[in-house]
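The values are calculated or read from the model by the stated rules, or taken from the named source; none is laboratory data. All values reported here derive from a predicted model rather than from experimental measurement. Neighbour counts run over all protein chains shown; Cβ positions are idealised from the backbone, glycine included. Please note that ligands, DNA and RNA were not included when accessible areas were found on the heavy atoms of the full protein model with its side chains. Shrake-Rupley method; radii C 1.70, N 1.55, O 1.52, S 1.80 Å.
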Amino acid sequence: MTEFFTAQLRQVLRRLRRAPLFTFLTLLMLAAGVGANVAVFSVLEGVLLKPLPYPHPDELVGVWLSAPGISLLDAQLSPADYLIYSEQNRSFQDFGLYNTDSDTVTGAGEPEQVPALDVTYGTLAALGVKPAFGRLFNPDDDLPSAPQTVLLSYGYWQRKFGGNRTVLGRALTVDGKPRQIIGVLPQNFRFFDQSDAALLTPDQFDRSKTTLGQYSYSAVARLRPGVTIEKADADVARMLPIVMRSFSPPPGFSLDIFKQAHIAPNLRPLKRDVVGDIGTLLWVLMGSLGMVLLIACANVANLFLVRTEGRQQELAIRTALGATRGRIAKELLFESLVIGFIGSVLGLGVAYAAIRLLVKLAPSGLPRLGDIGVDASVLLFTLAVAIFTSLLFGIVPVLKYAGATAGTGLREGGRTLSQSRERHRARNALVTFQVALALVLLICSGLMIRSFRTLMHVNPGFAAAGVQTFRIEIPHSEISNDEQVPRVEQQMRDKIAALPGVSDVAFSNAIPMDGQQWQDALLAQDHISAQPKLRQFNTVSPEYFATLHIPMIAGRVFTWSEIYNKIPVAIIGENFAREYWGTPANALGKRIRVSTVDDWAQIVGVAGNVHYNGMTENAPSSVYFPIMAAKFESAPVRVERSPAFTVRTSRAGSQALLNEIRQAVWSVDRNIPLSNIHTLDYFYGKSIARTSFTLIMLGIAGAMALLLGTVGLYGVIAYSVSQRTREIGIRMALGAQQNTLTLMFVRQGLWLAVVGVAFGLAAAFGVMRFISSLLYGVSAFDPLTYISVSAALLAIALLASYLPSRRAAGVDPSEA
């Protein structure tokens with residue numbers, strides 16, 4: 001067996017060396033097709049298929065709620081939920097809340113703002129985390145009377161303290177308060193996909209001060225053995241009435257508001273929280289590049305048919321000398337396997353480079369990037385692809401020629417005969433298959449182009465170009481008096497506005513598309529009978545609208561006098577005004593508030609709609625409140641201590657500008673660091689990143705499919721012309737015109753393309769629904785895309801058929 005394998009391998013390699021063009025083209029197509037598929041599979045496997053990097057990840061669930069009464073499908077948990085679930089659940093081994101945060105670290109060099117996480121004890125316990133050294137939080141750390149503690153990430157420990165293990169027990173000043181360092185997390189630990197968190201601090205809920213509401217905490221739990229998500233759902237449903245009975249509503253809110261929301265449990269596997277909805281995109285890309293691989297295999301199969309056809313006399317002679325059909329089939333398949341494995345090995349190299357490019361081009365927010373790479377699963381997939389492709393393109397010549405009889409092979413190889421239609425049928429079928437798949441991919445690309453064009457023509461509601469953004473945080477330890485906070489922020493704003501090249505500066509709780517907005521139910525004085533609806537809240541300085549070029553449709557903006565005197569005023573978005581009062585002008589003078597103990601805020605302006613949640617999302621119904629307000633959401637005074645600054649300047653993005661801004665801020669308060677430094681274009685780009693990434697990937701797949709399909713069609717027509725040279729010469733000797741001969745071959749190619757387009761359209765109608773969730777502003781069955789792509793493909797097919805057909809007109813009858 002070993003001798004047979006070695007002998008066959010030598011023969012195959014010898015034949016490949018003697019046909020360098022065939023070998024090069026075959027390996028090139030296979031390497032490209034296999035490499036693209038392996039690269040996307042590595043992303044798919046790393047993001048979707050690989051288990052989460054925690055012990056027994058199938059036991060982990062995300063604990064959510066839903067509130068259909070206010071049209072909220074995914075609601076987070078509240079402190080009241082946490083306290084009851086922790087004490088009375090029957091389904092969870094461990095259960096905890098967590099929230100992203102940003103902390104100011106001072107007292108150790110320049111002040112810095114670092115990403116952080118606020119967690120309860122059960123969060124790390126549920127994930128099965130073990131510290132690198134020191135200890136993790138325990139139940140006592142969750143108590144409001146407990147000492148202030150902090151955990152360091154491994155990376156922050158290395159960067160800030162040089163890996164010194166004596167940090168245990170030392171104090172770190174976080175947001176102006178000393179916290180004792182109790183431990184360092186392991187080096188390979190990632191909290192879901194938030195690998196940049198430097199600090200973890202414990203949430204400490206005071207039961208005596210807890211009320212219903214504040215649904216702003218994410219939750220994770222580990223199920224008890226034998227408990228399913230359905231049973232845990234029922235357990236949470238049992239506890240929800242207990243939560244309602246155990247805590248009173250916050251001041252100004254009635255219990256009926258919470259009851260009318262119809263709060264219900266909504267548990268799901270934790271992996272869904274980590275991965276999100278990226279799965280559809282990755283499966284679509286995998287399917288698209290799978291089609292490219294099939295087209296490449298069809299091309300290789302055509303090359304093998306031509307190559308095997310050239311060996312037909314040899315195969316017929318061997319059959320006459322006693323070679324069995326099985327032996328010939330085995331040798332042909334062995335050759336295809338060798339080609340397939342060499343192509344797949346080369347494809348693995350292509351995949352390695354493509355993975356790095358994919359990760360670089362990946363849309364912002366693509367989860368689990370650290371898990372993407374070439375591992376055992378990817379190697380196994382490559383082996384499977386090698387075998388599959390080898391059999392796919394190798395089986396066609398086996399079925400067609402392995403059983404050729406001696407008489408047939410010798411007779412069909414005669415010099416005086418042209419090839420029969422039977423000899424062309426397999427190649428024509430493969431080309432039709434290629435055209436059909438190419439059409440499907442080109443329609444996908446066309447729909448994404450239409451989506452992208454539509455997206456580019458949507459007015460975001462603001463001008464992103466030339467805006468620098470950053471955040472600061474003013475902790476209570478720095479300025480304890482709430483009413484002093486906006487004055488300090490205005491001083492910083494005025495200092496920055498005086499910098500060269502700066503035209504305007506504003507600050508607010510959030511900026512468009514940064515994901516920091518929050519929602520709350522809002523009452524309108526003349527719509528008391530209506531169920532309060534969720535509106536998107538923004539707290540802004542008076543310059544906010546001018547700085548971002550958000551138009552005022554009606555009315556005016558706030559004044560600093562109104563802010564400092566805490567006059568209850570508000571600005572609403574245009575869609576909110578039209579929903580309740582018909583026109584923006586009618587909304588002016590109307591009054592709104594959150595809770596019944598709040599003052600009614602008079603609407604003084606109506607601003608244009610802004611796509612705060614991304615370009616692919618509709619503009620939310622927004623409300624803008626002053627940066628400081630009295631009696632707001634039941635609080636005596638509310639100020640924004642973590643504002644985002646927006647600076648309109650021609651120097652946006654330059655390091656020199658950032659240095660000047662940092663000095664301007666420090667000239668007001670030396671202990672305030674800058675964080676989250678980006679241009680507004682960065683957030684705008686993030687909002688369309690998934691669409692543009694999908695467009696690029698499907699465009700590459702479509703271009704590869706079109707190129708391979710065109711080459712396949714060209715090759716079939718060119719080969720047909722070369723094999724029918726004798727027939728062409730006879731036709732010309734009998735008086736056939738050159739144009740007639742050219743048209744004969746063009747008609748053949750165009751007919752193959754038409755049949756392929758027909759099958760492709762039928763297939764497209766069946767599969768396009770899978771990409772509908774990736775589209776924006778265009779139907780998955782958009783007739784303009786289908787017609788234009790079909791027409792373009794037929795035009796290219798016509799050109800691909802015409803070029804080799806011209807050779808038919810140049811045949812010399814005497815030489816033929």
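Tabulated values for the structure
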quantity	calculated
Residues of segment 456-484 classified as among the hydrophobic types (A, V, I, L, M, F, W, C) and open to solvent by 50 Å² or more (accessible area, probe 1.4 Å), total	2
Pair list, Cβ < 7 Å and 6+ apart or interchain, from segment 163-190 residues that are in contact (Cβ under 8 Å) with a residue 40 or more places away in the chain and closer than 30 Å to VAL274 by Cα to residues that are open to solvent by less than 60 Å² (accessible area, probe 1.4 Å) and of a type in the set (D, E, K, R)	VAL174/ASP103; ASP175/ASP103
Residues of segment 16-44 that turn out to be assigned to a helix (DSSP H, G or I), modelled with pLDDT under 80 and in contact with a Lys or Arg (Cβ under 9 Å, 6 or more places away or on another chain), as a count	1
Complete set of residues in segment 191-211 that are open to solvent by 60 Å² or more (accessible area, probe 1.4 Å) and at pLDDT 85 or above	ARG207, SER208, LYS209
Residue count, segment 747-795 (criterion: charged (D, E, K, R) and at pLDDT below 90)	2
Matching residues in segment 46-62 - criterion: being in a helix (DSSP H, G or I) and surrounded by fewer than 20 Cβ atoms within 10 Å (Cβ to Cβ)	LEU48, LEU49, PRO57, ASP58
For ARG90: the one exception among (1) more than 19 Å from PRO269 (Cα to Cα); (2) open to solvent by 50 Å² or more (accessible area, probe 1.4 Å); (3) out of contact with any strand residue (DSSP E or B) (no Cβ under 7 Å at 6 or more places or on another chain); (4) assigned to a loop (DSSP other than H, G, I, E, B)	(1)
Every pair of residues 6+ apart whose Cβ atoms lie under 6 Å, when the first sits in segment 742-771 and is closer than 19 Å to ALA705 by Cα while the second is open to solvent by 40 Å² or more (accessible area, probe 1.4 Å)	LEU750/LEU798; ALA753/LEU794
Filter pass, VAL129 being assigned to a strand (DSSP E or B), open to solvent by less than 50 Å² (accessible area, probe 1.4 Å) and farther than 30 Å from LEU255 by Cα	no
Selection from segment 212-233 of residues that are open to solvent by 20 Å² or more (accessible area, probe 1.4 Å), part of a loop (DSSP other than H, G, I, E, B) and not basic (Lys, Arg)	GLN214, TYR215, SER216, PRO225, GLY226, VAL227, THR228
Pair list, Cβ under 8 Å, 6 or more apart: segment 255-267 residue closer than 22 Å to LEU223 by Cα and of a type outside the set (A, V, I, L, M, F, W, C), other residue open to solvent by 60 Å² or more (accessible area, probe 1.4 Å) and part of a strand (DSSP E or B)	ASN266/LEU73; ASN266/ASP74
Test: residue in segment 427-446 that is open to solvent by less than 50 Å² (accessible area, probe 1.4 Å), at pLDDT below 80 and not aromatic (Phe, Trp, Tyr)	yes
Selection status of SER91, touching a His at 6+ places or on another chain (Cβ under 9 Å), of a type in the set (Ser, Thr, Tyr), in contact (Cβ under 8 Å) with a residue 40 or more places away in the chain and more than 25 Å from SER642 (Cβ to Cβ)	no
Total residues in segment 208-246, condition within 31 Å of the chain's Cα centre (by Cα) and among the acidic types (Asp, Glu)	2
Single unsatisfied condition, GLY169 versus (1) open to solvent by less than 50 Å² (accessible area, probe 1.4 Å); (2) assigned to a helix (DSSP H, G or I); (3) more than 28 Å from LYS271 (Cβ to Cβ)	(2)
Residue satisfying condition, being touching a Pro at 6+ places or on another chain (Cβ under 7 Å), buried (at least 16 other Cβ atoms within 10 Å of the Cβ) and over 18 Å from ALA376 (Cβ atoms), within set LEU65, LEU25	LEU65
Conditions (1) over 22 Å from GLN519 (Cβ atoms); (2) in contact with a Ser or Thr (Cβ under 6 Å, 6 or more places away or on another chain): number failed by ASP206	(2)
Every pair of residues 6+ apart whose Cβ atoms lie under 6 Å, when the first sits in segment 126-148 and is closer than 16 Å to LEU83 by Cα while the second is of a type in the set (A, V, I, L, M, F, W, C) and open to solvent by less than 50 Å² (accessible area, probe 1.4 Å)	ASP140/ALA146
All strands (runs of 3 or more DSSP E) inside segment 445-554 with 2 or more residues being over 30 Å from ALA664 (Cα atoms) and in contact (Cβ under 8 Å) with a residue 40 or more places away in the chain	518-524, 533-540
Unmet requirement for ILE550, which otherwise passes all of (1) more than 22 Å from LYS566 (Cβ to Cβ); (2) modelled with pLDDT of 95 or more; (3) in contact with a Phe, Trp or Tyr (Cβ under 7 Å, 6 or more places away or on another chain); (4) open to solvent by 20 Å² or more (accessible area, probe 1.4 Å)	(4)
Per-region count, segment 576-621, residues at negative phi, open to solvent by less than 10 Å² (accessible area, probe 1.4 Å) and of a type in the set (Gly, Ala, Ser)	7
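Residues checked against (1) assigned to a loop (DSSP other than H, G, I, E, B); (2) aromatic (Phe, Trp, Tyr); (3) in contact (Cβ under 8 Å) with a residue 40 or more places away in the chain:
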{"residue": "GLU562", "(1), (2), (3)": "no, no, yes"}
{"residue": "LYS566", "(1), (2), (3)": "yes, no, yes"}
{"residue": "PHE576", "(1), (2), (3)": "no, yes, yes"}
{"residue": "GLU579", "(1), (2), (3)": "no, no, yes"}
{"residue": "SER595", "(1), (2), (3)": "yes, no, yes"}
{"residue": "ASP599", "(1), (2), (3)": "yes, no, no"}
{"residue": "ASN613", "(1), (2), (3)": "yes, no, yes"}
{"residue": "ALA619", "(1), (2), (3)": "yes, no, yes"}
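Condition check ((1) at pLDDT 85 or above; (2) open to solvent by 20 Å² or more (accessible area, probe 1.4 Å)) across all residues:
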residue: MET244; (1), (2): yes, yes
residue: SER248; (1), (2): yes, yes
residue: LYS259; (1), (2): yes, yes
residue: PRO269; (1), (2): yes, yes
residue: GLY279; (1), (2): no, no
residue: VAL292; (1), (2): yes, no
residue: THR319; (1), (2): no, yes
residue: ALA323; (1), (2): no, yes
residue: LEU332; (1), (2): no, no
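So that you can scan it fast, the table gives a plain yes or no per residue for (1) open to solvent by less than 20 Å² (accessible area, probe 1.4 Å); (2) under 29 Å from ASN481 (Cα atoms); (3) assigned to a strand (DSSP E or B):
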{"residue": "PRO636", "(1), (2), (3)": "no, yes, yes"}
{"residue": "SER642", "(1), (2), (3)": "no, yes, no"}
{"residue": "PHE645", "(1), (2), (3)": "yes, yes, yes"}
{"residue": "ARG648", "(1), (2), (3)": "no, no, yes"}
{"residue": "ARG651", "(1), (2), (3)": "no, no, no"}
{"residue": "PRO673", "(1), (2), (3)": "yes, yes, no"}
{"residue": "TYR682", "(1), (2), (3)": "no, no, no"}
{"residue": "LYS686", "(1), (2), (3)": "no, no, no"}
